[in-house]
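Undergrad: Before anything else, here's the structure in question.
Read the figures in this text as sums done on the coordinates, not as results from a lab. This structure is a prediction, so every number in the text was calculated from the model and none was measured. So basically every Cβ, Gly included, is an ideal-geometry build from the backbone, and we count neighbours across all protein chains shown.
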Amino acid sequence: MLRRVGPILLILLAGWWVYQPALAGGWLWDDQIDLVQNPLMRDPAGWWKIWLAPTGWHFFPLKSTVQWLQWQLWADHTTGYHVTNLVLHLVAALLLWRLLGRLGVRHGWVAGLVFAVHPLAVESVAWIAELKNTLSLPPLLLAALAWIDCDERGNRSDLLRSLGWFTVAMLAKTSVAMFPICLLLYALWKHGRISRGTWLASLPFFAMSLALGLVTVAFEGRHDQVVASLMPDLSWASRLAGAGAALAFYLWKSLLPVGLSPVYAEWPLAHPSPVWFAGWLVIAAIAGAAWLRWSTWGRPVALGFGFFVVNLLPVAGLVPISYHHVAWVADHFAYLSLAAVAGLAAAGADALAARLGRRTAGAAALAVAAALAVPARQYATAFRDEEALWTRAVATQPAAWLGHHNLAFVFGRTQRYDEAIAHYRIALGLKPTDVDAANNLGNALMARDRVPEAIAAYEQAIRILPSHAEAHANLGNALARAGRRTEGIAACRQALALDPRCYPAELTLADLLVQDGRLAEAEAHYAAALRLRPDDALVLNNRGTVLLQLGRAAEAKDSYEHALRLTPGYLEARVNLGYALVDLRDPAGAAEAWTEALRLAPDNVAALGGLGDLLFRAGKMTEAEARYRAALNLQPSDPELHQCLGVTLARQGRTAEAIRECKAALRLNPDYAEARATLERLRR
């Protein structure tokens, strides 16, 4: 027992050391969709809806249930999610050691250590959304241990236990579906053949794999049109070439994990040259060597290498998967197969110990682990935030379009628009069909007030995908900014025809209709926007303003108050609430609203002017004058304030000063009829 404590502590401490930089990392990319923006996470009944009424792209109900439980525990505090991934990863490392011990490998702890610190595992462990990988492996290893028990003891209960753990693993991630084939590989390694009893015992595993696999396919089929639009259109020969290259890629990265990246460049597989098929030659060479040395080292290599290859086949490219529109390979696809590489390393340590002694083998294993742990820790630091992650991606894979796209998105979110524009242009150069890059490029250009370029970017997005409703809506806004409001309105209507739930189209169309003076139509579209997002304070404020202009002051008041409940510091809504209360003949309420606005922003001209109006109506001319003058000190070019001050001065009998203010109002606005009429009265 004491001899095991040291390696256990080594595995745990080494794993913690590698991943410590990522434990406080934030949300990354699809973490937002998986958790932050997933309504099921906040739904008290989400735990059962995940199983019976799932949403999203994948059906991994156990993974989603664990995430639901995590959200209840620590909500948007990310450290808990990272710790969960790390604990599951280390449990898998210890179980791998246990499994190899059952297979007769004396240095199984080497496999646990290598697996714990290998850089190729970093993406699966440090990325919160990859919980499906770390959650599926421990039950799969437990299923393998139970199968060995069944093979050795022949107990039906062991078989059922193995099937149960396999089912758990499948519910976490269905890519473990190749496990039944691995059971046959084990039988071939252990007994030299696959007996009829083994075939019969494996049938429930094949049935479970097929059943849950079909459920997943059927579930994802609901998104078949979207998936089909993303899939690369490749021939069978191209897929065969890509699959072989992918297997060779994962093998190479397992043995020499340098240049790892969160995303890789696309491969030119449309017309593959013969060299792309070389991966299959590598696979065949290893398989052939194992066959020729079957009586010595060939059998264990066949088992480990077979496990490696079999578990990569579902993602290698022979079967189309939607991720291949991003890249043909990804580190997280190799997480399960990495266990086989770690196992072969342990078997190698056994062979080295037999030749040179246990101490030499142990020292060599520690040296290898250290050589893996240092770059793994360095890679884990990239997962602390999105900017670091995607900066790493474009540095290691400058031809990876998604790296540039996502880095540009980060820059846009932090208002570094020039950098965002540069990377969106690179992304589009690498992948001209990246419709979101074209649309987001337009948004960044609009933020820099480069409207003609933004229009061109939105038009490019629409050429790529004519049904992209948001691009039509954004084009409408850009056209309006360019003085082409009629075209802008038409573009927004087109967006709504494509997608009646397009929020940007409703909002932009409402704003443009206000500018066009079509207030009733504008109000209807603001209301539609609020049905899509009921808690948008900006839209509530804008709708309130339109309602006020339509003479519906009570509804306007409700809209402003709703906005303020959502955002108590929303100054414009508080000022506008004052106007609504004036229309509702509630001067005390209006005064309270404007006084609170001035407490928040003492230099708010509208609130100062509003209070001046209330004081004027109450006959408090001196106080009204003070408010108007304070407003004019802040905004001396406002003709209405000059006019109001002039009338106030006239009420106090200060005619000369009043005339001067009316003249100032007319200089600023020669068509100001009310100021001209006041001036004529004063002169008479």
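Undergrad: If each DSSP helix of 4+ residues adds -39,500 (n - 2.57) and the sum is divided by the residues in the chain, what number results at 222 nm, nearest 500 deg cm²/dmol?
TA: Rounded to the nearest 500, it is -23500 deg cm²/dmol.
Undergrad: I've got another one for you. Rank by packing, highest mean first: peptides 655-663, 418-426, 193-201, with packing defined as the count of other Cβ atoms within 10 Å averaged across residues.
TA: Highest-to-lowest ranking by the protection proxy: 418-426, 655-663, 193-201.
Undergrad: Residue 351 versus residue 13, label points 7 Å from Cα toward the beta carbon: distance in nm?
TA: Simple spin-label model gives 3.1 nm for this pair.
Undergrad: Still on this structure: For the chain, what does the relative contact order come out to in percent, with C-alpha contacts under 8 Å and a separation of six or more?
TA: 9 percent.
Undergrad: Describe numerically, in nm with one decimal, the distance between label points set 7 Å from Cα along Cα→Cβ at residue 617 and at residue 273.
TA: Rounded to a tenth, the inter-label distance reads 8.2 nm.
Undergrad: Excluding residue 151 itself, calculate the net charge of residues whose Cβ lies under 15 Å from the Cβ of residue 151, where each Lys or Arg counts +1 and each Asp or Glu counts -1.
TA: +4
Undergrad: Can you figure out the FRET efficiency of residue 235 with residue 76, using R₀ = 41 Å and their beta-carbon distance, to the nearest 0.05?
TA: 0.35
Undergrad: In which sequence would 102, 684 go, from the one with the fewest C-beta neighbours within 10 Å to the one with the most?
TA: 684, 102
Undergrad: Enumerate the residues in the range 521-557 having an amide nitrogen under 16 Å from the point lying 7 Å beyond the Cα of residue 592 toward its Cβ.
TA: 557
Undergrad: For the pair residue 535 and residue 214, what calculated FRET efficiency results from E = 1/(1 + (r/R0)^6), where r is the Cβ-Cβ distance and R0 = 51 Å, to the nearest 0.05?
TA: Efficiency, from the Cβ-Cβ distance: 0.80.
Undergrad: Continuing with the same structure: Ranked highest first by the average count of other Cβ atoms within 10 Å around their residues, in what order do 173-180, 518-525 fall?
TA: Per-residue Cβ counts within 10 Å, averaged per peptide and sorted highest first, yield 173-180, 518-525.
Undergrad: Peptides 79-92, 619-632, 430-443: what's the order by average Cβ count within 10 Å, highest mean first?
TA: Per-residue mean Cβ counts within 10 Å order the peptides as 430-443, 79-92, 619-632.
Undergrad: Still on this structure, I have one more. What does the charge add up to near residue 110, with Lys and Arg as +1, Asp and Glu as -1, over the other residues with Cβ less than 12 Å from its Cβ?
TA: +1
Undergrad: According to the square roots a ≥ b ≥ c of the eigenvalues of the Cα gyration tensor, what is the shape class of the chain, taking rounded for a/c under 1.5, prolate for a/b larger than b/c otherwise, and oblate for the remainder?
TA: It comes out prolate by the Cα gyration axes.
Undergrad: Mind running the shape call on the range 603-684? Use the C-alpha gyration tensor, a ≥ b ≥ c as the square roots of the eigenvalues: rounded below 1.5 for a/c, prolate if a/b tops b/c, oblate otherwise.
TA: Oblate, because a/c is 1.5 or more while a/b does not exceed b/c.
Undergrad: With angles folded into 0 to 90 degrees, how steeply does helix 503-515 sit against the dominant principal axis of the chain? Use alpha carbons for both and round to 10.
TA: In the chain, helix 503-515 runs at an angle near 10 degrees to the longest axis.
Undergrad: Here is a further query. Quick one: helix 587-600 against the long Cα principal axis of the chain, what's the angle to the nearest 10°, folded into 0 to 90?
TA: Taking the Cα atoms of the chain, the angle to 587-600 is about 50 degrees.
Undergrad: Give the angle, between 0 and 90 degrees and rounded to the nearest 10, that separates the Cα long axis of helix 236-255 from the longest principal axis of the Cα atoms of the chain.
TA: In the chain, helix 236-255 runs at an angle near 80 degrees to the longest axis.
Undergrad: A further question on this structure: Could you pull out the pairs from 63/253; 173/253; 49/431; 557/663; 557/620 whose alpha carbons sit more than 31 Å apart here?
TA: Where the Cα-Cα span goes over 31 Å, the pairs concerned are 49/431; 557/663.
Undergrad: Full extension from residue 37 to residue 567: what is 0.36 nm times the residue separation minus their Cα-Cα distance, to one decimal in nm?
TA: 188.8 nm
Undergrad: Would you mind classifying the range 50-193 by shape? Square roots of the alpha carbon gyration tensor eigenvalues, ordered a ≥ b ≥ c; an a/c under 1.5 is rounded, otherwise it is prolate if a/b is larger than b/c and oblate if not.
TA: oblate
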